[in-house]
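What follows is one structure encoded as structure tokens, with my remarks underneath.
The values are calculated or read from the model by the stated rules, or taken from the named source; none is laboratory data. The structure displayed is predicted, hence computed values, not measured ones. Cβ coordinates were reconstructed from backbone atoms using ideal geometry, including for glycine residues, and neighbour counts include every protein chain displayed.
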Amino acid sequence: MNPSRALYTAAQMRRIDAAAGATLDLAGPALMQRAAQAAFEVLCRRWPGALRIAVCCGGGKNGGDGYLLARLARQAGRDVSVVALTAPQDPDTQAAADAWRASGGFLHPFTGQASLPPAEVYVDALFGIGLNRPLQGAAAALVDALNASGVPILALDIPSGLSADTGAALGACVRAAATVSFIAWKRGQHTGAGIDACGELELALLELPSSVLTEEPAGAALLDWAELRSRLPARRRDVHKGLYGHVLAVGGDRGYGGAIRLAGEAALRSGAGLVSVATHEEHLAPLLAARPELMVAATGGPQELDALLDRATTLALGPGLGQRSWGHALWHRALASAKPAVLDADALNLLARHPRRFTTPAVLTPHPAEAARLLASDSASVQANRYAAALAIAERYDAVVVLKGAGSLVAAPGRAVAVCPWGNPGMASGGMGDVLTGVIAALLAQGLDAWDAACLGAAAHARAGDIAAADGAGLLAADLFAPLRRVLGSRAHG
């Protein structure tokens, strides 16, 4: 796996560190020196005018990186202070602290916010990737003081207080302006609270060959746009709409016609050849007026759905569906057709009430609250370990899962989790999930398997959101339609 995309757990990184030391005959201090040098280069590049640096060091190896960085900064003529949270608890860290003192530096004990030395940049070298418990006492107080300072923070490897494995804040957590990740990316840096905690991310390979990573299967990876985009075949000139599938979007209970309209139009904008909509009669005229290219059918019950199901190749099931008798009946009849399907919104809530394992291609697209219902759990538990939650849903329902949110995850039984590195806070608005449903359904209709459709759909949706967000505040779900055409394109021959 490409080392610039692979995501590892803390336990895996410990094995990789040990393998690097054994294979390359690198002692711990040598790797620590490389980490300090890489971090100092990041600091100088990002804050070239910062002359006062304060490095906050813990007692483990992360603290050792900090001591050596402080020494490098002092040798470069910077005014450097070191705040020692605890005494060194590791021989290599002790040697690094001794080297700092030998260079003329001294240690500032932390006794409260007032004892934090003034600085133009703070360096967080308190805790490394092995932290798995909430910070308490002086450690929590120091993290709170750093965050309250208003001064930019550079985190070494992982912001203190953040789970490297899950991306959950364990309690008090450093909010870094930038984080330099050593050797490889960690899973928690790219999803959930980890995205905000890490700030801007940089990867420092520490001059290690990629071979040190090949023996450790990552289990998770960042999506690669060029690779994903190549999975959608180029269109020849001699084609017709029947070659690109027929999506049937089912939903829009009374008062929710907008949701199914967004899903239907998203399917059209993402390349589906035909899109039909099965919805309440009251939505017929508004949908046709807004988007005449949709084939809208007034559907009062499951019997009226059968003819539409016969013509469809793919289902987009759930936007605005509701959980009343009308929506429940259509949901049951649609799933009984065994067509490839994307399930969202109330289709997921109904699935939680009536669980089933899918025997035909299915993509589930829950947000954390829907994921919690699918697992008979709660949203906090889902967010505490998004990787585990996505995999658990995939296994329970035998489906591909897109767990939405900051750093959306794509999971399927027996596969490494894929992480979407695109998207923005403006996309936290009504209708965005309906658009994603239509995008993935369109890609399924065009012949992609469920995994590829989910990965490409999540990526295209997020990238379209990033393009649309550049136009300013107030991002609407429908604003993604034009950018979707740009990011997916036609790549027509000739």
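Summary of computed values
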item	result
Per-region count, segment 98-126, residues under 21 Å from Pro159 (Cα atoms), at pLDDT 90 or above and touching a helix residue (DSSP H, G or I) at 6+ places or on another chain (Cβ under 8 Å)	7
Residue match in segment 305-317 (condition: more than 17 Å from Gln446 (Cβ to Cβ), aliphatic (A, V, I, L, M) and free of Cβ contacts under 8 Å to residues at least 24 places away in the same chain)	yes
Selection within segment 442-462 - assigned to a helix (DSSP H, G or I) and either farther than 21 Å from Arg261 by Cα or in contact with a Lys or Arg (Cβ under 6 Å, 6 or more places away or on another chain) (or both)	Ala450, Trp451, Asp452, Cys455, Leu456, Ala459
Considering residues of segment 240-289 that are more than 20 Å from Asp310 (Cα to Cα) and basic (Lys, Arg) only, the residue nearest to the chain's Cα centre (by Cα)	Arg269
Flag for Ala334 being under 25 Å from Gly257 (Cβ atoms), in a helix (DSSP H, G or I), within 31 Å of the chain's Cα centre (by Cα) and assigned by TED's automatic domain parsing to the domain that holds Tyr256	yes
Residue in segment 154-169 that is under 24 Å from Ala35 (Cβ atoms) and over 22 Å from the mean Cα position of the chain (by Cα) present	no
Residue list for segment 55-81, restricted to those being farther than 18 Å from Asp157 by Cβ, surrounded by 19 or more Cβ atoms within 10 Å (Cβ to Cβ) and of a type in the set (A, V, I, L, M)	Val80
Answer from Ala416, Ala458, Ala441, Ala445 - the residue that is modelled with pLDDT of 95 or more, surrounded by 21 or more Cβ atoms within 10 Å (Cβ to Cβ) and under 19 Å from the mean Cα position of the chain (by Cα)	Ala458
Enumeration of residues in segment 318-328 that are in contact (Cβ under 8 Å) with a residue 24 or more places away in the chain, surrounded by 16 or more Cβ atoms within 10 Å (Cβ to Cβ) and farther than 14 Å from Leu248 by Cβ	Gly320, Gly322, Trp326, Gly327
Odd one out for Pro233, checked against (1) farther than 21 Å from Arg485 by Cβ; (2) in the same structural domain as Gly457 (by TED's automatic domain parsing); (3) in contact (Cβ under 8 Å) with a residue 60 or more places away in the chain	(1)
Evaluation of Ala341 against (1) surrounded by fewer than 24 Cβ atoms within 10 Å (Cβ to Cβ); (2) touching a strand residue (DSSP E or B) at 6+ places or on another chain (Cβ under 6 Å); (3) small (Gly, Ala, Ser) (one fails), failing number	(1)
Residue count, segment 94-119 (criterion: closer than 19 Å to Val143 by Cβ and either polar (S, T, N, Q) or touching a Gly at 6+ places or on another chain (Cβ under 8 Å) (or both))	3
Breaking point among (1) of a type in the set (S, T, N, Q); (2) crowded, with 16+ Cβ neighbours inside 10 Å; (3) part of a helix (DSSP H, G or I), for Gln303	(2)
Any hit, segment 140-153, residues being of a type outside the set (Lys, Arg), over 14 Å from Val83 (Cβ atoms), surrounded by fewer than 23 Cβ atoms within 10 Å (Cβ to Cβ) and without any contact (Cβ under 8 Å) to a residue 24 or more places away in the chain	yes
Hits in segment 236-257 - residues which are surrounded by 14 or more Cβ atoms within 10 Å (Cβ to Cβ) and at pLDDT below 90	Tyr244
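Residue by residue, here is whether (1) part of a loop (DSSP other than H, G, I, E, B); (2) touching a strand residue (DSSP E or B) at 6+ places or on another chain (Cβ under 6 Å); (3) more than 24 Å from Val277 (Cβ to Cβ) holds:
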{"site": "Gly322", "(1), (2), (3)": "yes, no, no"}
{"site": "Gly327", "(1), (2), (3)": "no, no, no"}
{"site": "Asn349", "(1), (2), (3)": "no, no, no"}
{"site": "Pro355", "(1), (2), (3)": "yes, no, yes"}
{"site": "Thr359", "(1), (2), (3)": "yes, no, yes"}
{"site": "Ser377", "(1), (2), (3)": "yes, no, yes"}
{"site": "Ala394", "(1), (2), (3)": "no, yes, yes"}
{"site": "Val402", "(1), (2), (3)": "no, yes, no"}
{"site": "Gly414", "(1), (2), (3)": "yes, no, yes"}
